1. Between residue 104 and residue 197, what is the label-point separation in nm under the 7 Å Cα-to-beta-carbon projection?
2. With θ set to phi - 60° and the Karplus curve 6.51 cos²θ - 1.76 cosθ + 1.60, what are the ³J(HN,Hα) couplings of segment 24-36 in order, to the nearest whole Hz, using x for Gly and Pro?
3. Longer than 18 Å from Cα to Cα, which of 12/183; 119/183; 12/43; 94/183; 183/212; 43/183 are they? Say none if no pair is.
4. For residue 127, give me every one of the aspartates and glutamates with a C-alpha distance below 20 angstrom, ignoring sequence neighbours fewer than eight places off in its own chain.
5. Carbon and sulfur together cover what percent of the accessible area of segment 1-82 at a 1.4 Å probe radius?
6. Over segment 223-298, with every protein chain in place, what whole percent of the accessible area is carbon and sulfur at 1.4 Å, could you tell me?
7. Binning at 10 Å from 0, report for segment 46-159 what percent of all alpha-carbon pair distances ends up in each bin.
8. Using a Gaussian network model on the chain with a 10 Å cutoff between Cα atoms, which of 217, 242, 188 fluctuates the most?
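The values are calculated or read from the model by the stated rules, or taken from the named source; none is laboratory data. Please read all numbers here as calculations on a predicted model, not as lab measurements. Cβ placement follows ideal geometry from the backbone for every residue including glycine, while neighbour counts extend to all protein chains displayed. Ligands, DNA and RNA are excluded from the accessible area calculation, which covers all protein heavy atoms including side chains. Shrake-Rupley method; radii C 1.70, N 1.55, O 1.52, S 1.80 Å.
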Amino acid sequence: MVTILETEDLTKAYGNFRALDQVTVRLEQGEIYGLIGRNGAGKTTFMRLIAGLSFPTKGKIRLFGQMVGKKPAANQKIGVMIENPAFIHQLTAKEVLCYFAKMRGLVYSDVQLNELLTKVHLADTGKKKAQQFSLGMKQRLGIAIALLGDPAFLVLDEPINGLDPQGVVEIRELLRLLATEGKTILLSSHNLPELYQVATQYIILNQGKVVKQLSLSELEKQTRQYLRVATNQPQRLAQVLSETAMIGNYEITRNGEAKLFQVKSKEKLLKQLIAGDVWPTTFVEQEESLENYYFSLIGGS
Ligand code: ATP
């Protein structure tokens, strides 16, 4: 595995306020990382630090195995889209790309510009000016700008925010394609369900701190199916469940209901409960909500 980015105790303070607080993470090549947190959690602060747009108060950043010092050299290996993609709205998509390529001293032929536009599905926009683009098109143009110079690591702040479902699908497909090409991607969102299944790894930030880091498969476990059982005698329910060997995996929630996972036979379970004099008032299959899980990590509802 090739490590693209490592941070150690990365901290950014404004006066006494820590926008980012001792963040230690490691990003591996080819993965899509979702940086999730509510507004003000520190996502943009983190991205600006690793993109060299601001400097840490404390802590270390190692990019492509090299320490990032006080004066980061212009790093062609990173492509960045932070905050609203800023481009000149009176230009066409190709002119925008041409402009940014020149600004960065990159030589792009017409064919190469067309290839890049094709990749982000903007090849057919012709003479249309960027100001007439939909939000999704603007986001894809922003990603195309970030892709200039063919960087190995893409840092995209809220690329999906505000898009309609079709726009989300298009960005999702583009990001997956880029990851299969070996690019490492870090993207942010304030909404975990929004990034669900786009990212392969999730870093959850709250008040400047990493509260959880987990893979897509670990996250999927949080959204597993369960059988919800409630009765008027929660203590009796808990007792019967604890005595019933066939029930492996279950939890009793705070309000005395039971969540049972991977129940093989609902019929047998119901018979056992009734044999134990437990009469369910609720006996229903449900799925853990991703949103509930997210709020259990960051607090609030
Ligand atoms: P959003 O989704 O709203 O962009 P975020 O997770 O990206 O949120 P940041 O922009 O990183 O959050 O901001 C984190 C905290 O740091 C916020 O409370 C913000 O007000 C504060 N902050 C950011 N930049 C500065 C600054 N230059 N001076 C003072 N405080 C700042």
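1. 3.1
2. 10, 9, 9, 10, 9, 4, x, 8, 10, 9, x, 9, 10
3. Checking Cα-Cα distances, 12/183; 94/183; 183/212; 43/183 exceed 18 Å.
4. 95, 110, 115
5. The C+S portion of the solvent-accessible surface of segment 1-82 is 48 percent.
6. Summing carbon and sulfur atoms, their accessible area is 45 percent of the total for segment 223-298.
7. Calculated over all Cα pairs of segment 46-159, the distribution is 13, 44, 29, 12, 2 percent.
8. Per the Cα network of the chain with a 10 Å cutoff, 242 tops the list.
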